[in-house]
1. Quick one: helix 37-47 against the long Cα principal axis of the chain, what's the angle to the nearest 10°, folded into 0 to 90?
2. Can you give the helix-only mean residue ellipticity at 222 nm for the chain, where every DSSP H stretch with n ≥ 4 adds -39500 (n - 2.57) and the sum goes over all residues, rounded to the nearest 500 deg cm²/dmol?
3. Would you list Leu70, Leu52 from fewest to most Cβ contacts within 10 Å?
4. Taking Rg and Dmax of the Cα atoms in Å straight from the coordinates, which label in [x] 11.1, 33; [y] 14.2, 44; [z] 12.7, 37 is the correct one?
Amino acid sequence: MLPKYYEDINHVVHVDTHTTTKCELCDFFVDEGHPIDKFINHYIKHHGYKILYIGPEGHYDCVTMTVAVLGK
């Protein structure tokens, strides 16, 4: 059984620090190499998402990426 925090999650988005990312719901985007905090805040403030995970993930040319998984 999932914790209550995750119960009503129907859609998940994944963003990281090494890709150009466009919002799935509007025209907002963040270029590769820029901090992802603006993108995370955009999903939270404009679309009502919440953070499910934020932290390191894998390696990209021997550099650890920061990733965020948000859900709604």
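1. 30 degrees
2. Mean residue ellipticity, 222 nm, calculated: -4500 deg cm²/dmol.
3. Lowest count first: Leu52, Leu70.
4. The value computed from this structure is option [z].
Read-outs throughout are calculated quantities, based only on the coordinates presented, and are distinct from any laboratory measurement. Here the structure is a predicted model, which means the values were calculated and not measured. All Cβ positions, glycine included, derive from the backbone under ideal geometry; neighbour counts span all protein chains shown.
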